[in-house]
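Novice: Just dropping this structure here.
Please treat every number below as a calculation from the coordinates, not as lab data. Fair warning: this is a prediction, and the values are worked out from it, not measured in the lab. Please note: Cβ atoms are built from the backbone with ideal geometry, for glycine as well, and neighbour counts cover all protein chains shown.
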Amino acid sequence: MDELLNDFLSETVESLAAIDEALVRWERNPADRTHLDSIFRLVHTIKGACGFLDLPRLEALAHAAETVLGRVRDGSLEVTAPLVTEILAAIDVIKSMVASLGQTGVEPPGDNAVLITRLERIANGIAVASEETAGDEGVQLQSNQTIRVPLALVERLMDTVSELVLTRNQLLQMARDGRSFETLDLHFQRLSQCITAMQDGVMRTRMQPIGRLWSALPRLARRLAADLGKRIDVEFGGDDVEVDRQMLDLIKDPLAHMLRNAADHGIETPAERIAARKRETGRIRIEASQEGGQIVIVFSDDGRGLDLAALRAKAVDAGLLTEAAAKHLSDAEAARLIFHAGLSTASEVTAISGRGVGMDVVWSNLERIGGSVEVYTLKGIGTRFTLRIPLTLAIISALVAQAGGERFVVPQVAVLELVQIGSDGAQIEFVYDAPVLRLRGALLPLVDLAALLELPAAGQDERFVIVAQAAGFRYGLIVDELFDTEEIVVKPVAPLLSALEAYAGNVVLGDGGVAMILDVGGLASMAGLSASTEVAPPQADAVAAKQSLVLFRTDSPSLLAVPLSQVERIEELPAASLERVGGRILVQYRGALMAVIGLDGPPLLAPDRQPLLVLNDGGSSIGVAIERIEDIVEDTYDLVADPSTGRLGNAVIGGRIAEVIDARHYLGLPATRWERAA
Amino acid sequence: MTGDFLVVGLGDRPLGIPAMRVRKVVRLPAVTRVPGAPAMIAGVMNLRGQLITAIDMRARLGLPPASHGLAPMAIITEHSHHLYALVVDSVGDVVRSRPERQEPPPSTLTATWRQAALFVQRDEALVLVLDVDAILTPPDLARAA
């Protein structure tokens, strides 16, 4: 197909999708010129392009619409409902012609004489009898086979590709030379980083702002209001929340269903509303936000609320419940009855919301994608639906941990802190028989993940507690091992697993292994914890244990600190004993080769004697090149876990602010792993 | 042709899976367990970056577990926007569907089998052809706590 035509079509399809909302808003507030201007601009642009591309039929229609809009702009025509209806009809026809053009490359045969005549009459101020033009929903535009991507993202992807090529070439060279693989680890690290970055980038091209969904809804509401003789206003929030395209497609229908239901059953007629001392215009609000690993969409109306008595009666009639059982249902449970297939409280089955097929379809649509919906209703006040959908194909930061021999992943947003327990670290205490951890004076209830999931106990002394944020309270999750933080692609679990509270999804890890994503709220619920299980701290000493810390300086501007327990020795070695081998620095230390690193990249070495902090975690050692030791103090410190690599966070130590480093991070680097193999 | 089915082996019996539902046949890779999941879920696996839920067909159909651990072959199928791997012992050929040789599943089957079966075809052997959607929506799993 002609390239110019193609460009015209993609641009136009996008603009047309956005125009419906503008139209409805404009009708509501005709004095507001911004919407009018954008509609006019669109029609004007289409008309212009048609002349250029030789599309006479479309041009004639666009011209007729433009004339009407032009007269409104210059004040010679008033905005009336019939005028807006005809413009909407014209836009619909334009949409269908554009769609047809997209498929065949040529204009469909025929003309729009009738519509054009009506538009001309309106332009001349002649009233036109309103006939609902045929075409129910407004033409559905073909879901676009192209996407728009920010240029910056594409550039980032290009840069990453270049790095990939470079790294590949380096590896190729090494393979050809048959050299020994000292730097293999480093190259592979680089390669992994590049691949992750690419993955991330490509994933992000699929993300769309959820505001795109909002475009069709005002129009639907307008039609519903007109058909039902009601006045309805729809408001939106959270337009910028980003969601994967696939997700958008899947929640489009549920939202439309809910809008129909709210308009039909929820919002009262203007007369009823006035009698109930409400505003004449009913209000529906749709608000999107992101909470942890989910997108939350709140759909609320200020209508009459669900008729719980009728729901209970219908449930009994449909044989779903006995009368006694129906009476015993709490209001919340009764409200949930609307999600059952076959229950419709409409006294007449209207063409609008149909035979009670609405809400159960919403429920199952959401369940299929790993989401959920809740309802809250107050008689005479309104109804609120809360939809939750997982951030599918979104990338989140997550901490990889192990318990009972299985690996799991915890979303970083839910992780407040990491605490080591066991002989070296903090101790688990018991209040009655509930295990707790004393954390800066407060007592944190603990949940043993392996025990909760009925996995074998690892039986090791040294374990870890992930201080997790559940809804409204904190608790500690005991795991056996902590690994690193990874950027992971969240995938929802299959419906067969969706009932398991413990999991919020599953994921492929960097090494190809699979891990379940833990739902910290679900785990708390399984363990019987809730915001109300407060553990009262004992009145006794709330003083946290003091630790010895080594304060030191490198070329970094901050004062640095490391727990003395992680330091094997403080050394000063002759600079000559440090050898550069294949891009890294090694030293003969106590009969073995030890790597020497800088905390933030290649170390700055002193010319004659190099001070070193030798760190050790009970396995191998690593030497950190430093400038000098400042002090060794005993103090307590209040740490906020910081996902940035190598640092536990900032703390006030010995009266000064220092950055506490995490020796485990440096000991776990590939540099050391290679040393162990050697 | 629609109706054709792939013969698979589970224990000593041949079963059929409608060919249209078979996306791929693979050797089962490493499967990560899902603690707390019902017995029919063998776990989740990674196949070329895609997460696939593995179904232990023996557990699903009420057969005793294999003596040698999880069976080695899997049929990849799709249901309701998710991918599943039906784990079986062996995979055979695709057999032509012959309606004149087909019968509804016998009423002597247990409830589990009856729910899972589509029809039976008598060739040299008697093959019970399974209903993939029914396999993946077991009746007792509805809205489990």
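Novice: Could you pull out the trypsin sites (Lys or Arg not before Pro) across the stretch A:542-591 that fall in loop regions by DSSP (anything but H, G, I, E, B) with no more than 14 other Cβ atoms inside 10 Å? Write down the numbers at each step before the final one.
Specialist: Values: sites: A:Lys546, A:Arg553, A:Arg569, A:Arg580, A:Arg584, A:Arg590; in loops: A:Lys546, A:Arg590.
Of the trypsin sites (Lys or Arg not before Pro), the ones in loops of the stretch A:542-591 whose Cβ has at most 14 other Cβ atoms within 10 Å are A:Lys546, A:Arg590.
Novice: So how do A:Leu529, A:Leu378 line up by other beta-carbon neighbours within 10 Å, fewest first?
Specialist: Numbers: A:Leu529 19, A:Leu378 13.
In increasing order of surrounding Cβ atoms, one gets A:Leu378, A:Leu529.
Novice: Convex hull over the Cα atoms of the stretch A:1-128, averaged projected area in nm²?
Specialist: 7.1 nm²
Novice: In cubic angstrom, how much convex hull volume per residue do the alpha carbon atoms of the stretch A:208-295 span? Spell out each step's value before the answer.
Specialist: Numbers: hull volume 8.1 nm³, N = 88.
It is 92 Å³ per residue.
Novice: Sort B:14-24, B:48-58 by the packing proxy (mean of other Cβ within 10 Å over each peptide's residues), most packed first.
Specialist: Numbers: B:14-24: 18.2, B:48-58: 20.1.
So the order, starting with the most tightly packed, is B:48-58, B:14-24.
Novice: Rg/Rh for the stretch A:435-495: what does it come to with C-alpha atoms and Rh from Kirkwood? It would help to have the intermediate numbers written out before the result.
Specialist: Values: Rg = 13.9 Å, Rh = 13.6 Å.
That ratio is 1.02, to two decimals.
Novice: Okay, next question. For the protein assembly as shown, what does the helix formula give at 222 nm: sum of -39500 (n - 2.57) over DSSP H segments with n ≥ 4, over the residue count, nearest 500 deg cm²/dmol? Walk me through the intermediate numbers first.
Specialist: On the way: 22 runs with 260 residues, N = 823.
Using -39500 (n - 2.57) per qualifying helix, the result is -10000 deg cm²/dmol.
Novice: For the ranges A:508-514, A:61-67, what's the packing order if you count other beta-carbon atoms within 10 Å of each residue, average per peptide, and put the highest first? List each step's numbers first, then the result.
Specialist: On the way: A:508-514: 15.7, A:61-67: 23.3.
Descending mean neighbour count gives A:61-67, A:508-514.
Novice: Oh, and also: May I ask you to sort A:Glu272, A:Glu21 by Cβ crowding, counting other Cβ atoms within 10 Å and putting the fewest first? Spell out each step's value before the answer.
Specialist: Values: A:Glu272 14, A:Glu21 19.
With the sparsest Cβ surroundings first, the list reads A:Glu272, A:Glu21.
Novice: Right, another one. In the calculated pair distance distribution of the stretch B:1-142, what percentage of Cα-Cα distances lie above 18 Å?
Specialist: Numbers: 5392 of 10011 pairs.
More than 18 Å apart: 54 percent of the Cα pairs in the stretch B:1-142.
Novice: Taking loop as defined by DSSP and a crowding limit of 12 other beta carbons within 10 Å, which chymotrypsin sites (Phe, Trp or Tyr not before Pro) in the stretch A:396-442 fit? Before the final figure, lay out each step's value.
Specialist: On the way: sites: A:Phe408, A:Phe430, A:Tyr432; in loops: A:Tyr432.
Listed in order of number, the matching sites are A:Tyr432.
Novice: Something else about it: Apply the Kirkwood formula to chain A: the hydrodynamic radius equals the inverse of the mean of 1/r over all pairs of different alpha-carbon atoms; give it in Å with one decimal. Write down the numbers at each step before the final one.
Specialist: Numbers: mean 1/r = 0.0328 Å⁻¹.
Value: 30.5 Å, from the Cα pair sum.
Novice: In straight Cα distance, which lysines are under 24 Å from A:Lys314, not counting same-chain residues fewer than 8 positions off?
Specialist: Here the lysines satisfying the reach criterion relative to A:Lys314 are A:Lys327, A:Lys379.
Novice: In Å, what Kirkwood hydrodynamic radius results for the stretch B:1-69 from the alpha-carbon pair distances? Mind showing how you got there, number by number?
Specialist: Numbers: mean 1/r = 0.0733 Å⁻¹.
Final number for the Kirkwood radius of the stretch B:1-69 is 13.6 Å.
Novice: Here is a further query. Based only on other Cβ atoms within 10 Å, what is the fewest-to-most ordering of A:Asp240, B:Asp131, A:Asp448, A:Asp111? Present the calculation step by step, with values, prior to reporting the outcome.
Specialist: Numbers: A:Asp240 10, B:Asp131 17, A:Asp448 21, A:Asp111 13.
The fewest-first ordering by Cβ neighbours comes to A:Asp240, A:Asp111, B:Asp131, A:Asp448.
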